[in-house]
Every structure is written in C-alpha cells, then in structure tokens.
Amino acid sequence: MPLSNVNDPVFSTEMMGQGVAILPKRGRVVSPVNGKVVSVFETKHAVTLTFDNGAEILIHVGLDTVSLNGQYFEALICSGEKVKIGEPLLQFDIDKIKRQGFDLISPLIICNTASFKEVVSFTGKEVKNWKRSLSLLKINLHNRERGLCVMKEFPADFLWGGAIAANQSEGAYNADGKGLSIQDVMPKGFSGPITEEPTPDNMKLVGIDFYHRYKEDIKLLAEMGFKAFRISIAWSRIFPNGDETEPNELGLQFYDRVFDECKKNGIEPIVTISHYETPLYLSKMYDGWLNRKLIDFFIRYVETIFTRYKDKVKYWLTFNEINSILYEPFCSGGIYTDKDKLTKQDLYQAIHHELVASAMAVKLGHEIMPNAKIGCMILAVPIYPLSSKPDDVIATMQKQREIVFFADVHARGEYPAYMRRFFKEHNIEIKMEPEDREILTHTVDFISLSYYMSLCETADSAQKSNSKGNILGGIANPFLEANEWGWQIDPQGLRYMLNELYDRYKLPLFIVENGVGARDVLVEDENGQKTVLDDYRIDYLRDHLLQVGEALEDGVEVMGYTAWGCIDLVSASTAELRKRYGFIYVDRHDDGSGTLERYKKKSFYWYKRVIESNGKSLSEGM
C-alpha cells in the first residue's frame, strides 16, 4: 500500500522519504538489494542498508514496535556487513507480536530521495512482498507527480482473459467420432514413456470434462469479465485419423456451440489450430511432421475450420509453442521416431514442413477471412549470460537464436542469414520445393508467446547443468527462486522479452500463456463456501502484469494477456492435476477421484477486479 495509507504520523507524511508499506507473512526480513548494512537498531526491529548505487533504504518491521525493546526480534547481521539479495537480516515472532496488539504493517522507505531516481527494480531471491514493493517503486519513478503506487490503465482494447487447450481440458477422448491424438498415449506427459493405446491412468482422457461442461465454465469466465478466451481445436475431433477427405460433422458442431457460447457471453475466442495434439494415426503412419504429406493434411483441416468458423473467430494461432519441437518432437511435432534417434537434419526438415504449413495457413486465412488476425506462437524464454565473459555472451546469442529463429521466419518471411552458418556447421540440407520460398513470404499479423521462466547460458561445459523442469535445457539463474517443479520465477524477464521481440519485429505481441503451477488446498471461507486461498498465485500474476505495464510504458504494443490454465486442467509437462494454475478449482485428483465440481479461488475475485479496473488495481493492497 502507499505510505499515505499507513496509520502513522511519521511514515504517512513521508517525512523520512518515499516508499511503500507491506504486510510480512513470514517471520523474517531478507535483503531486497545487494549492498551494505549501515545500522541495525538496538531494538532489532529495523535496519538500514545502502544500495550498491549509494541510495539508502530503511526497512522498519511493524508500527510502534520500538516499544517492544527488542523482545521477539533477532538480528542476523551486524552493522558494516555486506549483504546480498535474499540474505536474511532480521527474524521475529509474528504471532507473539500480534498478540501484544502491534500492527505489523512494515514501511520500506528510500531515505535519501535525491537518489530515488537511481532506483531500479531488483531481481533475486527476495521475499515476494519485498519484490512487489520494489517493483512498485520502479514503476512510479517516472510518475511521481501522480503519487506512489498508481498504476496506469492498460489500453482500452486490451484483451484480458485466460487460456486452455483441448487435450488438457475437454476429455471425451473417443466421443462423437473423435479419433485418438498423441496425447491419448502420453499418460505421464513429457516425463514418461508413450503407450500403445490409451490407458486408465491417463488423466487427459477425462480432463476436466470441458466437453460437457463448457457452458458452465464459460459462464464463470464471463463472471470474471473475460474479454478473450484462448482455446484449441482438437484436430482429431475434426479429422479423426487426420488424412480423411471429409470432416467429422459432430466435432465441428461441438466447436460451433463453444464459439456461440463465447459470443453470448461477450468473449472473443482466440483459437489455436494445433496445440500438441497431432492425430495419433498421422504420427504412427507418417511419422508426424517429418513427412511433408502432413502439410496437405493440415491445410485441408485448416481450410475446413476457417470456412466453418469465419464469422465466429477473428484471432487464430497456427502452432502452439512451435519452437518446442526441438526439445519434445513427439509432443510438439507428432514425430513417432524415438527422440534419441533423430538427427538435426530430421528435426529441421520437420520444422521446415511446419513453417511452410503455417505460412500457407496465414495465406489461406487472409483469403477466406480478410478481417481475421493470424499469428504464430512461440515458447518465449529470455536467455541471460551466466557471466560477462565474451564467450558466455556469444553462447547466449546462439541459444537465443534457437527461439527467435521461428519468429524470424514467421515475421520476416524468410530464413535468417545466421541459419546458413548453422546448417553448414551441422551438415543440414533443407529439402525445399520450388514454391516454398514464396509461400514463406506470407507473414503473420502478430506474434503470440508463452512466458514462464528465464534461463542462463555459458560456454563453459563444466558449469552446464539443466534447470529442473524446463524443456529447453539451460542453466538455473543463481539470483532467482523457483517453484516446486523447478521453473524459475522472473517477472522482469517478461518485460525484457516483450521489448526484445517488439524491437526485432515491430509487430503486435500477445501474451497467450503465463501462470504458476502450484498445489492448491480447498478450504472453507468464513461464509462456509469452498475456496482456495491462493495469495501465491495473485503475487505471481501481479508481479508479471506489473512488468507488462512497464513494457507498455516502454512503447511495446501488447494486444492482450490470457493467463494459462484459467480453469484447473491436466498439466502438459507432467500430466497431473495437482499442478494447478487456475482461478477456478476443479475437484478432480491424480487418482481419478473427485466430483468435477468448480469452485472460485481467491484469485478469481482478484483477477475480476484487475479486469474491471483495466489494470489499475494491480497496485492496490501493496
């Protein structure tokens, strides 16, 4: 919250400097900066630090806690010591302090306000409350005349919403003529072996039963105020094997009903054409996208859905996280050959087929739907050098190109020059048809992306160790915390990535996935209603959306934001439901038990307020 809201005559008037106040949830304070301890109060309830840039910060735990005379407090550092981000400074007994009647609202103040303009946001192993406070300080550096902790509104046409995928939510894997997809034989997600046929332990066979509950779910999304809802069409629901000449009418009718329900509730559907669900028959019989024949099968499917839904869907994405085929070729590209047996020649030939198919879809879409907007979708991961060594910087450049290569072709309509050297050094010769180069010139209208984490890279093989939970490989950042599944949390990386992509392409960007998987616990609130108190999710999303606001201030054109897994669904990477992302809790568990009932989490109401305020509420309650 702003200091002006603090019930204290010294802090509320900002006599000591400018800052914010937070309510600590754990009984300790860690350093939010790299710097030096100036002093620790004798009563051990406050500490002052200097940043490396000379600015001074006061951290004061609670109001009037000086009168406790150090009782319940312990200092973990001494004056004059150097401290790093995340290093513990003070610890205290929250419960005992509260029982004494003290307010634990804690000011965080930049004391020498002349240095205020030098303050930048910090990354590292901060307690999230401190990190959010520092983010707010940064956001308002250029906006101080309007008062601290004021968030500007997002653009009036900003598309707020959420995202799911057919294979992780619909269930009904064999209903109404649907054929099998590769997901029906991936009971353990990326992390386990595929099966010959669907098995009962595959959570995706039922998913969250969106197929039968879509009306209820879309109504809940509308209650949150969604402007947009990203979903995918299951290719094998339209063409069960993938190579038929006539589509499955019952499958087409299902998506008619879904899009009509979206329209009824004022929600714009954002549709992914292929989201990790290649028909299993195409995978087994043709080896997926390794075979050029898939281009024709895909375009027949694309023409069918473009023609059918041209008056119902305006925004389309061709392939979900298209660059992930380099790391998960079966899931992303339907390539049935074992990953360990695939060469770089194989992978980049399959990639070429997808790129041509994507460009053909863009061309076809613009012909059938002149007013439609068709984009690509990449797994966006900023790569940082592990050190400032030139070798590490070059290694980072090369790693980043693994990601931007796909966007380069989609946005610029040709293979980038740097790939010529890459192909030469790896003995790769892409087999192109004469028309391929012209087809690739049909570029996308916007670039969409998922964002979950960042990584580091080094040229030193001795320091290389893959970051847990990340399909791209890469090295964990020593300054970042990670969630339970090893995904490192880096809100500022999102701002960085948005700026990098916009500077590179000057095309609108759309964040179509972002969120944090966590174990949620269903509890009863004070009114006896079942809910989840998911403050950790609110913190994560707020931190990232504040950085989207920063990118907008930087001049980046961001079309919208659809939070991933807005309704709990089956995880793609681990195929489990305990890893939950949603604003809406689904009562289903990894053993298959549960009622499939839906319950609104605390974050449901928080996100509703964010949408209502068009982003202004992001700085409330800090």
Seminar exercise, completed: Honestly the range 501-622 on the Cα gyration tensor test (a ≥ b ≥ c root eigenvalues; a/c under 1.5 rounded, otherwise a/b vs b/c for prolate or oblate) is just oblate
Exercise. Based only on the alpha carbon positions, what is the Kirkwood hydrodynamic radius of the range 545-585, in angstrom?
Worked result: 12.1
Problem set entry | Separation of the His212 and Glu425 label points, Cα + 7 Å toward Cβ, nm | 5.5
Problem set entry | Separation of the His366 and Ala462 label points, Cα + 7 Å toward Cβ, nm | 5.3
Exercise. Ordered by packing density, taken as the mean number of other Cβ atoms within 10 Å over each peptide's residues, highest first, how do 286-293, 302-309, 595-602, 541-548 rank?
Worked result: 541-548, 286-293, 302-309, 595-602
Exercise. Residues of the range 297-317 with amide nitrogen under 18 Å from the 7 Å Cα-to-Cβ point of Lys264?
Worked result: 312-313
Problem set entry | DSSP-defined antiparallel bridges as percent of all bridges, the chain, nearest 5 | 50
Seminar exercise, completed: Quarter of the surface of the C-alpha convex hull for the chain, i.e. direction-averaged projected area in nm², equals 28.6
Seminar exercise, completed: Yeah, the range 436-567 with a ≥ b ≥ c from its alpha-carbon gyration tensor (a/c under 1.5 is rounded, else prolate when a/b outruns b/c, oblate otherwise) is oblate
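For the chain, what relative contact order do you get, as a whole percent, if you take Cα pairs closer than 8 Å and at least 6 residues apart?
So the answer I get is 14 percent.
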Problem set entry | Net length gained if the chain between Asp525 and Glu197 were fully extended (0.36 nm per residue, minus Cα distance) | 113.8 nm
Exercise. Counting only the backbone N, which residues of the range 173-203 are under 19 Å from the spot 7 Å out from the Cα of Arg257 toward its beta-carbon?
Worked result: 173-179
For this session: Calculate, for Lys98 and Arg609, the FRET efficiency according to 1/(1 + (r/R0)^6) with r their C-beta to C-beta distance and R0 41 Å; round to the nearest 0.05.
Result: 0.90
For this session: Taking only protein heavy atoms into account and a 1.4 Å probe, give the accessible area per residue of the chain in Å².
Result: 39
For this session: For an R0 of 22 angstrom, estimate the FRET efficiency from the Cβ-Cβ distance between Glu553 and Glu500 and round to the nearest 0.05.
Result: 0.85
Exercise. Where the centroid of each part is defined by its Cα atoms, how far is the range 205-246 from the range 375-413 in Å?
Worked result: 32
For this session: Order these peptides, 225-235, 322-332, by their mean beta-carbon neighbour count within 10 angstrom, highest first.
Result: 225-235, 322-332
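By how many nm would the segment from His589 to Trp485 grow when fully extended, if each residue of separation counts as 0.36 nm and the alpha-carbon distance is taken off?
35.7 nm
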For this session: Can you pull the one-decimal nm distance between simple spin-label points at Leu596 and Glu81, each 7 Å off the Cα toward Cβ?
Result: 5.6
For this session: Compute the Cα gyration tensor for the range 276-421, then decide on rounded, prolate or oblate, letting a ≥ b ≥ c be the square roots of its eigenvalues: rounded whenever a/c is under 1.5, prolate when a/b is larger than b/c in the other cases, and oblate in all that remain.
Result: oblate
For this session: Just list whichever of Lys188/Lys601; Lys284/Lys579; Lys219/Lys608; Lys178/Lys293; Lys152/Lys506 have alpha carbons separated by over 18 Å in the model shown.
Result: Lys188/Lys601; Lys284/Lys579; Lys178/Lys293; Lys152/Lys506
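Rounded to the nearest 500, what is the 222 nm mean residue ellipticity of the chain from helices alone, with -39500 (n - 2.57) per DSSP H run of 4+ residues and division by all residues?
On the way: 16 runs with 193 residues, N = 622.
Dividing the helical sum by the residues of the chain leaves -9500 deg cm²/dmol.
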Exercise. Whole-Hz Karplus ³J(HN,Hα) for the range 423-433, in order, using 6.51 cos²θ - 1.76 cosθ + 1.60 and θ = phi - 60°, x for Gly and Pro?
Worked result: 4, 5, 6, 10, 6, 9, 10, 6, 7, 10, 7
Exercise. On the accessible surface of the chain, probed at 1.4 Å, how many percent belong to carbon and sulfur atoms?
Worked result: 48
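The values are calculated or read from the model by the stated rules, or taken from the named source; none is laboratory data. Model, not experiment: these values are computed from the prediction. Note: ideal-geometry Cβ built from the backbone for every residue, glycine included; neighbour counts use all protein chains shown. To get the accessible areas, we keep the full protein, side chains included, count just its heavy atoms, and leave off ligands, DNA and RNA. Shrake-Rupley method; radii C 1.70, N 1.55, O 1.52, S 1.80 Å.
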